[in-house]
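What follows is calculated from the coordinates using simple rules that are stated; it is not laboratory data. Worth saying up front: this structure is predicted, and the values here are computed from it rather than measured.
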Amino acid sequence: MSAPAPATPSGPADERLITRSPLKKLLGRPELGAVVGAVAVFLFFVFAADSFLQVSSLTTVLYAASTIGIMAVPVALLMIGGEFDLSTGVAVTSSALVSSMFSYQMTANVWVGVGVSLLVTLAIGLFNGMLLTRTRLPSFIITLGTFLMLTGLNLGLTKLISGTVSTKSISDMEGFDSAKAVFASTLTLGSVHIKITVLWWLALVALATWILLRTRYGNWIFAAGGDADAARAVGVPVRATKIGLYLGVALGAWISGQHLLFSFDVVQSGEGVGNELIYIIAAVIGGCLITGGYGSAIGSAVGALIFGMTSKGIVYAEWNPDWFKFFLGAMLLLATLLNHWVRKRAEETA
């Protein structure tokens, strides 16, 4: 019996050693479809609204995008990890209410209320994460329950403590000015005025991108979202990963809540309802899959930017704002179809 022939150089190459062309790498990026959509929306409003290219208009667009983007980033990471959070909109309001009412009722330094708010908001995220991982119930059901409970608590406790549906003014309390400088100030660069939320937003995008692409935890997020059982079988701490993602969402809600409070001094207890869908839409437009395991933080930022350009572009074009939700829904469908096409092309050329 003859010995087996040695492997020849013409045999199949190790796929880890295959170098991908720049085009294939580009097609494989989750945010590609969102970037194409953002360019299209930008060009559309450049021609539709004469004032769209003014510096003041662009900074307003960035501000609108940042208020959505701060939450869209952690929501995108959560979706990559295969889960949802429908309580994010009211959690932002809860965070603001706790800061305001604790500071006012205890006549404490505003920063004490900010700290208590951080603990309470993180507790909400921990509750969602722990309940999800222990019960194995769908995150849709768990966070829908949290959404309803927080909606009721926000209104009920505010009326019980303040006697009205809004909080009392804390603008004359110690620490208010310094807290406002951190969460709701405006930076001036020459004649350009930029809200500090833009910096918070960009910092979160950079941090989330680094986590996803440069850390072991980022690998765990993709693995847990792609196939939790398979990830668990190879040693990925799926439970801790998902709890960490919900804590990240809570941190974003805390930052957004403090901005809400220190921008307007008082908080309406009914605010935030419906915003959770906007955060999810920004993540989906940015390339995140509903099924998990795919997406990017940069994509969520682009999705938030598209939202900002659309919401303000309609105003600058002097259109009826009643059409905004129509355009938002149309963009969601078009972005999803474009992202699906890009992924299909990437798989065919891989």
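Choose one answer from Ala76, Ala223, Ala179: the residue with the largest mean-square fluctuation in a GNM of the chain with alpha-carbon springs under 10 Å.
Looking only at Ala76, Ala223, Ala179, the largest GNM fluctuation is found for Ala179.
Compare Ala253, Ala65, Ala233 in a GNM of the chain, Cα atoms joined below 10 Å, and give the one with the largest fluctuation.
Largest GNM mean-square fluctuation: Ala233.
Most mobile of Ala301, Ala240, Ala208 per a Gaussian network model of the chain (Cα springs, under 10 Å)?
Judging by the Gaussian network model, the answer is Ala240.
Mean Kyte-Doolittle of at least 1.0 and a Cα length of 20 Å or more along the axis: which whole DSSP H helices of the chain meet both?
Length and hydropathy pass: 32-48, 55-80, 110-135, 139-162, 196-214, 297-316.
Using alpha-carbon positions, what is the distance between the centroids of region 65-84 and region 134-165, in Å?
20
How many angstrom lie between the C-alpha centres of region 176-240 and region 278-333?
Between the Cα centre of region 176-240 and that of region 278-333, the gap is 19 Å.
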